[in-house]
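Reviewing the structure listed below.
The values are calculated or read from the model by the stated rules, or taken from the named source; none is laboratory data. All values derive from a computational prediction rather than experimental measurement. Neighbour counts are summed over all protein chains in view; Cβ atoms, including those assigned to glycine, are modelled from backbone coordinates with ideal geometry. Ligands, DNA and RNA are stripped out before the accessible areas are found, and what is left, the full protein with its side chains, is counted by its heavy atoms. Shrake-Rupley method; radii C 1.70, N 1.55, O 1.52, S 1.80 Å.
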Amino acid sequence: MLQIKNLTKIYDGGVQALHNVTFDVPKGQFLAVIGLSGSGKSTLLRCINRLIEPTDGKIFWNGEDITAATPDEMRRIRRKIGMVFQHFNLVHRSPVLTNVLAGRLGYVNPAWSLLNRFPGNDVKKAMKQLERVGIADKANHRADELSGGQQQRVGIARALMQDPEIILADEPVASLDPVLAHSIMKHLEEINKNDGVTVLCSLHFLDLVHRYADRVVALNEGELVFEGLPQDIDDKKFKEIYGRDAERVG
Amino acid sequence: MEKKKSIWKSLQLGLGVLVIMVVYAYGFEITNVNLEELQSERRQNSLVRVMRALAQPEIFEYEQAEQVVNFPFYVTCPPEGTPIEPELDTSNAYITVSPTCAEPGEIVTVEGFNFAANVSGPVRFVPGSDPTNLVSIGRDTVTTDGSGYFSLQFEVPKRPSEEVQYVRATLRENVGLPRFTRTAHETWDKIIETVFLALLATTVGTLLAIPLSFIAARNLMKPVRSPLTSVSLSTLGLPVGMMTGFYVVDWISKIAAPLTGNLITNIAVVSLVPVGIWFATRWAMPPEELTVPPLGLRMARMLVLSLATIASFFWLFHLSGLTSILGRLADQSLGSIGFMGNFLYQLSDILKLLVPSLGALAAGFTLSSFLGRLGQRISEKLTGATLKVLNLVLAAAAGATIFLLFGALIEWLYQIGRPEYTYYIPGGIGAGLGLLLAMLTKAKDTLPVGMVIYTVTRTLLNGLRSIEALVMAIVFVIAVGIGPFAGVLALGLHTIVSLAKLYSEQVESIAAGPLEAIEATGANRLQTIIYAVIPQIVPPYISYTMYRWDINVRMSTIIGFVGGGGIGFLLQQNINLLNYRAAAAQMLAIAVVVSLMDYISSEMRERVV
Ligand SMILES: Nc1ncnc2c1ncn2[C@@H]1O[C@H](COP(=O)(O)OP(=O)(O)OP(=O)(O)O)[C@@H](O)[C@H]1O
Ligand SMILES: [Mg+2]
């Protein structure tokens, strides 16, 4: 259970990216986060694993306050929260396998990382994750030799290495074509349904929201403007979320 | 209005041109630009001489065979009439002069026969009646044709004598294969020294510049923040740890000393201790842990790790002993590759020299980071008021420590000898500043430690970078004496500061995405650097290192001008001795080596990047 309470983020420049956002995410839910560009979706997701320090408000996860966690505790919390990015964020010059293994960094002893050593079990596990997303044959290729869709699978495999309880996906399919988008979304759906991993996924296309999400929260200029089921987004709600002049497509 | 503006504009332009002209005129004046001097005959002649010498670098020479032949000759014909032609040995080389006597100023013809083909040398007039006389007058150079014949007309010198005098042809011939001159050998030795000077400087510089470049990179240092408790404790920990480390290593060296001279114990220790260390670290640092272990176990681990560290220093001393013994053995028995032995021997010396500082650094950083973490814990656990009091005390102590260390440095540099100026007052000021800081910040606030370290490092780097390597070389020549070692130190230091700057700019321009992704997995700062930063900076780092290697080769060719070793010393010497042909050989060597290195480094850069 993830509880977000009165979350506010004001950036150094004075931009108010999040304003008093409150909602809960039950365990095992597939939650879509929607909103216009600049509405604060990325900021919200990054506040949850504190890649961005919230200005105010609290985030509780299984009763523990993430916003008050010490650096050591944060390491323990982060390793249970996988993250998938719009631009994949792989280390281009490293092999795919190393990129996937990086998902274990929160678990392994930092001293061994100096020698670039991972336990044998982790390597086996990494291969298994790569098989799961269907690119085991690419394990020894450099990450930048892969296509966008393949890179995002590596990103998912990396998140899976963390044995996550939550996956934060920040527009995971925004830079992929529609066919690839569905295949990536299906991987996330499968992880959500089979492993019971909670997924928070920001999305731009409503058809994807309808197809995959259990529940939706919508942001507009940093404020929560909608919270409910995907099918509850009627034309009126739509205009509230995306503005007066927006037209529904697809 | 418009008009005024345009007048003002042209006035500005005219004024600008005037200023530029004045600047250049002054420049001409003070740099002594003088084309007339360049055209004067004296200058022209010496220029031609130098250019010709430079065009003939002294690299090869031949064994020379001389053919010396004399012919008797009378200046002013003797009263008894034209002397009869002497008997000539026409089976060998010979010369004839006709006529066989003449008045001074007359032109006579010298012909040579039976010489070797295409050889050359001087034809001279030998005054006096001794054909072996060394004194000679005039010098006309002749070259024989394909059949060994030459002919020459020369003016009879004003050396009248009643006795017989001689005309002598000395023709020299190159025999055998060309061989290297002494200059060539010397140049070779020195150019090798030059290349290795550059190599060592680049290696040392690169190794030290890499860690520096991380703490001089804004994007890595900006997020580093700690509460005051942690900062003060780690500030206190650094000098205390370094001192402890130094003494502990010193103590280890005393224990190890009686054993390090023995080959058997050396081999035993060097081969067995790593096994123990390996098992100890395996036990104390499990690769993966899902839960936080109990306090007792963590204490035990720390103890084992400390013991392992002590053991590894013990091992280092034995390693040094072993290499020293092996080096000496090899030096005596390996003959021509005995330098490998000497290398080992020197290596062991360097090791022995470095180990105490290594120990000091290791202990300093360990204690500092341990205390830093302790401080972090304390500031998490304690309540506001208690923490505030603790912060006041710790910050005062830390501030005083920093100022006292600076005071000690100043005392050492200037030998003021008045402790109130170098210790008491600075210590008081430091404590005061610490107190002030603790009072002004909230107890649990985090301070931008990273940015402070970043700023200090950057400032230091920029300051040092502005000192030319040549100037550094002068300082090091004074410190360690004339020779390549001073050059290595100077170039090394310059390499560190300039590479650290270039490297850190590369770190600052890496893609932030992977950094964020690695951080999100729960990786700590060290892991983030290893997995997200380093892979991104390898290509530019290699490329900059190559570039620096280029510069170092160039620099090492001239660093000898100030006594820093390498070929520059030889070159300067030869120029001063007006020995231009030798200097030309060295210039050629420099040109070849620099362009070769240029080529190699650009090839390698292309390969890797
Ligand atoms: N590092 C930053 N510093 C200052 N302002 C920022 C920063 N990052 C984002 N912002 C601002 O915060 C607001 C929310 O940005 P955010 O990236 O969360 O939006 P988003 O919903 O993810 O947009 P998109 O759909 O384009 O990714 C924007 O106005 C943005 O300009
Ligand atoms: Mg975004």
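Observations
- Counting heavy atoms of the protein chains alone, B:Leu38 has an accessible area of about 100 Å² for a 1.4 Å probe.
- Label-point separation in nm, B:Glu103 to B:Ser151, each point 7 Å along Cα→Cβ: 2.5
- 3J(HN,Hα) along the range B:309-320: 5, 4, 4, 6, 5, 3, 4, 4, 5, 5, 4, 4 Hz, from the Karplus curve 6.51 cos²θ - 1.76 cosθ + 1.60 with θ = phi - 60°, whole Hz, x for Gly and Pro.
- Chain A: calculated mean residue ellipticity at 222 nm from DSSP helix runs of at least 4, using -39500 (n - 2.57): -10000 deg cm²/dmol
- In this simple spin-label approximation, A:Glu190 and A:Arg132 carry label points 7 Å from Cα along the Cα→Cβ vector, and these lie 1.0 nm apart.
- Taking 0.36 nm per residue of separation and subtracting the Cα-Cα distance, full extension of the segment from B:Leu47 to B:Val33 would add 3.3 nm.
- Alpha carbon centroid spacing (whole Å) that separates the range B:245-307 from the range B:16-41: 71
- Spherically averaged projected area of the convex hull of Cα atoms, the range B:64-178: 7.3 nm².
- Geometric extent, Cα atoms of chain A - Rg, Dmax (angstrom): 18.2, 58
- Where the alpha-carbon atoms of chain B are placed on the principal axes, they occupy 132, 97, 56 Å, in descending order.
- In sequence order, calculated HN-Hα J values of the range B:572-577 (Karplus, 6.51, -1.76, 1.60; Hz; x Gly/Pro): 4, 4, 5, 5, 5, 8
- Probe 1.4 Å - accessible area at B:Arg139, Å² to nearest ten: 150
- In this structure, the amide hydrogen of A:Phe226, modeled 1.01 Å from its nitrogen in the peptide plane, lies closer than 5 angstrom to those of A:Ala218, counting only residues at least 5 positions away or on a different chain.
- Karplus (6.51, -1.76, 1.60) ³J(HN,Hα), θ = phi - 60°, over the range A:78-95, in Hz, Gly and Pro reported as x: 4, 5, 9, 10, x, 9, 10, 10, 4, 9, 6, 6, 7, 7, 4, 8, 8, x
- FRET efficiency for the pair A:Thr22 and A:Thr70, taken as 1/(1 + (r/R0)^6) with r the Cβ-Cβ distance and R0 = 25 Å, rounds to 0.50.
- Only Lys, Arg, Asp and Glu carry charge here, each on its Cβ (+1 for the first two, -1 for the last two); on that basis chain A has a dipole of about 880 debye about its Cα centre.
- Near the amide H of B:Leu447, within less than 5 Å, lie the amide hydrogens of B:Ser226, B:Leu228, all on another chain or at least 5 residues away, with H placed in the peptide plane.
- Degrees, to the nearest 10: B:263-284 long Cα axis against longest axis of chain B: 40
- Pairwise label distance in nanometres, B:Trp8 with B:Glu468, each label 7 Å out on the Cα-Cβ vector: 4.4
- Distant-in-sequence amide contacts of B:Val167, defined by a placed amide H-H separation under 5 Å and a gap of 5 or more residues or a different chain, comprise B:Phe71, B:Phe73, B:Val126.
- Residues B:Thr441 and A:Lys239, FRET efficiency given R0 of 56 Å [Cβ-Cβ distance, rounded to 0.05]: 0.70
- Prolate/oblate/rounded call for the range A:116-205, Cα gyration tensor, a/c under 1.5 rounded: oblate
- The range B:555-609 and the range A:72-151 have Cα centres separated by 48 Å.
- Computed over the range B:64-178, relative contact order equals 38 percent, with contacts defined as Cα pairs under 8 Å that lie 6+ residues apart.
- Inter-centroid distance (Cα atoms) of the range A:200-230 relative to the range B:158-212, Å: 82
- Percentage relative contact order, the range B:351-455, counting C-alpha pairs under 8 Å, at least six apart: 32
- Using R0 = 60 Å, the C-beta based FRET efficiency linking B:Leu207 and A:Leu36 works out to 0.75.
- Principal-axis tilt of helix B:580-608 within chain B, Cα atoms, nearest 10 degrees: 40
- Taking a ≥ b ≥ c as the square roots of the eigenvalues of the Cα gyration tensor, the range B:42-83 is classed as oblate, since a/c reaches at least 1.5 and a/b does not exceed b/c.
- Rounded to the nearest 10 degrees, the inclination of helix B:425-440 to the longest alpha-carbon principal axis of chain B is 50 degrees.
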